[in-house]
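The structure under discussion appears below in the form of structure tokens.
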Amino acid sequence: MRRVTGVAFLLSAAACSVAHDGSGLDGPTAEGGIALGISGPHPVSIRVDDRGMSHVTAGDEVAGYGGLCYAMARDRLFQMDELRRSAKGRLAEIYGPGDDDSILAQDLLARAQNLSAFAAARYATASSRTKRILQGCAAGVNQYISEAKASSDGLPLEFQILGYEPDPWTPEDSILAYIYVGVTFDTLTWFTKLERAAVANIAGTEVATTLVKEAPDEVSMFDAAGNLNPISQFLVPPGPSAPTATVVNPPPPSCLAGAQLTGQALRMAPASGRASNAWAVDGHLTSTGKPLLATDPHFPHSTPSAVYVAQLKVTGQYNVTGWMVPGFPGFISGHTEHIAWVPTYSLFDSVDLYVETLRPAAGGGEQVLVKGVWKPVTRRVETIRVKGRPDVQRTFRSTPHGPILNDGLDGLESFGTLALKSTAGQPEWKVDGFFEMPAATNWTQFRAAALKQSIGWNFIFADYAGPHGHIGYQNSGLAPQRQSPLNALYPVPGTGGYEWTGYATSAELPSVYDPPSHILVTANNRMVPRNYAPQGRPVHLANYWDMPWRAQRIITRLTSATAPLTPEDMASIQLDTQTTIGLPLRDIYLGALGRVGLPAGDPSAADAAAALQAWDGNAAASSQGAAVYEMLTLILLRNTVRDVIGTDEYAAFAPSVFLTNQLAGLIDVLENPRAPYFGITAGVDPEAARDHAVRAALGEADAMLRDALGSDVSAWTWGGIHTLTYNHPLAGEDARFDIGTFPATGDVATVNIGGWFGNIGVLDLPPVDFDDAGGVWAALDQDSLSATRLVWNLAPLDGSLGVMSTGMSGDPRTCHYADHAEAWREGEIFPIPFTSAAIP
């Protein structure tokens, strides 16, 4: 092993072996065929390397995807089934209703959205190639299920513990798995629209605009005409500077007067963010003379990892390695012998909420008013099976806009009857492009494929032609255009005037090839400004971009390199925990404390302030200063928001709005203190009020740190209160699933993300509830992480690197369940073999 720039590059690894009979949980490990029960004479070879990665070879594309999905099911069948059940609303069937009926509530919301019907409709209109591939995939999954049931080892352990068998896999299930990826993103979008309206009703539109802060236009990747902005414009000085002007949004529609979330809706707010980093550097700047790419998809933390990595070689057609979503065999990121691509989510505004006007229909049922016409409301009755309880029957309704959320989510009453319109429910939605990407050999072919899928992604591309190769960027997905800008902000009336008018065309989605900087970076940051109009007409993509801080840090690392960039450098950047906003915020805090003094009665204040003063801005697990900074920042943010919108609304706000957007709002009011923040009213000195708020927050933060870590401030560390617990759903039932709890590194705004802290509202609970919820460790639990870290390097073809957050397998009876976990935590990364000769 040799370590370069903080990354351990593991040159070899001993094969693991666990004795099993029958199908063999850890086989096949040698090159050989398995006869899949699919049409055609083509054999499939599956080799499993020493790190658990499956390498599938077939002479036919359909057989190849059958082998790929056989391997995926063998490694992740329970995860695939759990994701399918999540999308279909069938979790209570295996787990029971959950505490306070939380699992049943999740099922009801999923049933209300009717995703299975969407998946069936989208499969029906898929290309013939996509259908054949997904049929082959289903055949491979079902062959594994049959073989596992017949073996003495049986089905994966989770099925045995929970006492059920999986239903056969269908092609529609694979479409559903991909739809569900978009739904998890979209849920945060529509919850934010609800929350923005609620905050505006409580405290006004200026407060709603400030607290749900949008990324500024000044750091947009492209300009209004669709031209790539230079890095010098994008890479603004990191952290707070002169406050940018806040463009106050218009107020909510009058139909939302007084609307607030209540009841179950408060508890169902999305509690975890999804993000990613992706970048590419062409050969002008690399040690290989060819492009290097990096991807580290941030998903909600799950055990096993939220993504699956494998290789598929279809003889005579293509050879591809990459990551995919369990259940969906499309390579979201990958590389072939010719090209490579890495994605981040582009945060498209893909959903709208419509406040419907209903009336009873003659003969029963209901009608809905849309553009002056009363139209029927459709109904369906579904039965939800609940383990340990009687079945639950529920009627679900849909309008021409989409499913009615109220039928699956209590607490929306003050908003009226809300119908959810999403791109997944529209006939234009497609997924075919993912099955064309592996065969692409150049930018033109890849770009055409990327534009044939409908979830919003930023794709960064590289090819290896010419002396230095080429890199490119393509925005992809369905971006609805609306009659009104209010759709992007709030629920809107369903009676008319707020309808979709079409989608952004392919020519209107931003794209660039061979940028003059030789660098492309995306990190969920703003792609285009508010006045984006590349073909002369205004185009709306999103208004809920993440802040630019991760992208700025990545570009800083890439542009400050003093030697050609290596694959190890790419991996090192993925581990970066330097905060972009930490030191400027620290200086604001220290300035305030210098003016008003330390909190009275706080025995830790002097030492905590000294730790803050000495802090280098790095959110390392071992950092004392980071512990003070992070806790002080989160307490100050909580106090600032809660004191303006109230305790009840804060409970919904905290997990519903990206924490980075909340922090941007905090920076705004710290730099420009004004009413109603910090208790400022007429006659109150704004700067003094802000400074006293900082002092009070330090006192509260110190008290929490003392309770958690003791009175010795020198022993405080960020990793002492910020931990990663491997969270397999059955870890409490069987110790074999339990990997453990470890100090965590990074925070919400670092490249090596430390989580989205969706449970941050725990910090506002009364003492008894706070302790029952798990205290500060629950609030700061690492709930989001890089599910894998990959560096694509095709020079040579076996030059790529990667590591999983857990292991390739979800079955703890194998030796590949958690064999990557320690390496992932320690910043180690392994070679990824591509050529047959390199597969160990």
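The residues of the chain expose on average 33 square angstrom of accessible surface per residue, using a 1.4 Å probe on protein heavy atoms. Taking the Cα centre of the chain as origin and assigning +1 to Lys and Arg Cβ atoms and -1 to Asp and Glu Cβ atoms, the resulting dipole is close to 2160 debye.
Diffusion coefficient (Stokes-Einstein, Kirkwood radius over C-alpha pairs, 10 °C, 1.306 mPa s) for the chain: 58 µm²/s, rounded to a whole number.
Short-range pairs are left out: with C-alpha atoms under 8 Å and at least six residues apart, the relative contact order of the range 762-818 is 19 percent. Less than 5 angstrom separates the built amide H of Q481 from those of T501, G502, Y503, A504, all sequence-distant by 5 or more or on a different chain. Evaluating 6.51 cos²θ - 1.76 cosθ + 1.60 at θ = phi - 60° for every residue in the range 458-473, the Karplus couplings come out as 9, 9, 9, 10, 8, 10, 10, 6, x, x, 10, x, 9, 10, x, 10 Hz, glycine and proline recorded as x. The separation of the range 608-644 from the range 398-439, counted between C-alpha centres, amounts to 39 Å. Legend: residue pairs K131/K452; K131/K193; K371/K421; K88/K313; K193/K452, Cα-Cα distance threshold 24 Å; pairs beyond threshold, K131/K193; K88/K313; K193/K452.
Packing, taken as the mean count of other beta carbons within 10 Å per residue, orders the peptides 219-232, 762-775 from highest to lowest as 219-232, 762-775. Distance between the 7 Å Cα→Cβ label points at E218 and E428: 3.5 nm.
Charging the Cβ of each Asp and Glu at -1 and of each Lys and Arg at +1, and nothing else, the dipole of the range 703-837 about its Cα centre rounds to 440 debye. First compute the accessible area of the chain with a 1.4 Å probe, then give the percent of it belonging to carbon and sulfur atoms. Percent of accessible area from carbon and sulfur atoms in the chain: 53. Summing Cβ point charges (Lys, Arg +1; Asp, Glu -1) relative to the Cα centre of the range 594-670 gives a dipole of roughly 60 debye. Taking the alpha-carbon centroid of each part, what is the distance from the range 144-200 to the range 83-104 in angstrom? After rounding, the separation between the Cα centres reads 11 Å. Descending by average beta-carbon neighbour count within 10 Å, the peptides 59-67, 697-705 line up as 59-67, 697-705, the highest first. The separation of the range 482-552 from the range 556-575, counted between C-alpha centres, amounts to 30 Å.
When the helix-only estimate is applied to the chain (DSSP H runs of n ≥ 4, each -39,500 (n - 2.57), divided by the residue count), what is the mean residue ellipticity at 222 nm, nearest 500 deg cm²/dmol? Can you show the working numbers first?
Details: 23 runs with 274 residues, N = 840.
Mean residue ellipticity at 222 nm (helix-derived): -10000 deg cm²/dmol.
Positive-end ranking of N672, N543, A563 along the dipole of the range 536-693, with charges on Cβ about the Cα centre, is headed by N543. With the biggest extent put first, the Cα atoms of the range 693-750 measure 46, 27, 18 Å across the principal axes.
If the segment from T315 to C255 were pulled out straight at 0.36 nm per residue, it would be longer than the present Cα-Cα gap by 15.6 nm.
Note on T725: accessible area approximately 50 square angstrom, rounded to 10, probe 1.4 Å, nucleic acids and ligands left out.
Ranking V713, V373 from most to least accessible surface, computed with a 1.4 Å probe over the protein chains only, gives V373, V713. Here's the picture: charge each Lys and Arg Cβ at +1 and each Asp and Glu Cβ at -1 in the chain, and of G96, V381, T580 the one pushed furthest to the positive end of that dipole is V381.
Close amide H contacts of D738 (hydrogens built in the peptide plane, cut-off under 5 Å, sequence separation of 5 or more or a different chain): none are found. Here E147 sits with roughly 70 square angstrom of accessible surface, probe radius 1.4 Å. For the chain, hydrophobic long helices are taken as DSSP H runs at least 20 Å long by C-alpha position along their axis with mean Kyte-Doolittle hydropathy of 0.0 or more; these are 171-203, 582-596, 624-645. For the range 535-543, 3J(HN,Hα) computed residue by residue from phi via the Karplus equation (6.51, -1.76, 1.60; θ = phi - 60°) reads 10, x, 10, x, 10, 9, 9, 6, 9 Hz, glycine and proline entered as x.
Annotation: for a label point projected 7 angstrom from Cα along Cα→Cβ of K131, residues of the range 432-451 with backbone N closer than 17 Å are 432-433, 435.
If a spin label sat at a point 7 angstrom from the Cα of A465 along the line to its beta carbon, the backbone N atoms of the range 427-442 nearer than 11 Å would be those of 441-442. Rounded to the nearest 0.05, the FRET efficiency derived from the C-beta distance between S622 and A561 at R0 = 25 Å is 0.45. Note on D798 and D769: the model spin-label points, each 7 Å out from Cα along the C-beta direction, lie 5.9 nm apart.
Amide hydrogen proximity for G96: with H placed 1.01 Å from N in the peptide plane, the residues at 5 or more positions away or on another chain lying under 5 Å are K387. Distance between the modelled labels on A606 and R389, one decimal in nanometres: 5.6 nm (7 Å Cα→Cβ projection).
The values are calculated or read from the model by the stated rules, or taken from the named source; none is laboratory data. All figures in this text were calculated on a predicted structure; none of them were measured in a lab. Backbone-built Cβ (ideal geometry, glycine too); neighbour counts: all protein chains shown. Quick note on the areas: whole protein, heavy atoms, side chains included, nothing else; ligands and nucleic acids left out. Shrake-Rupley method; radii C 1.70, N 1.55, O 1.52, S 1.80 Å.
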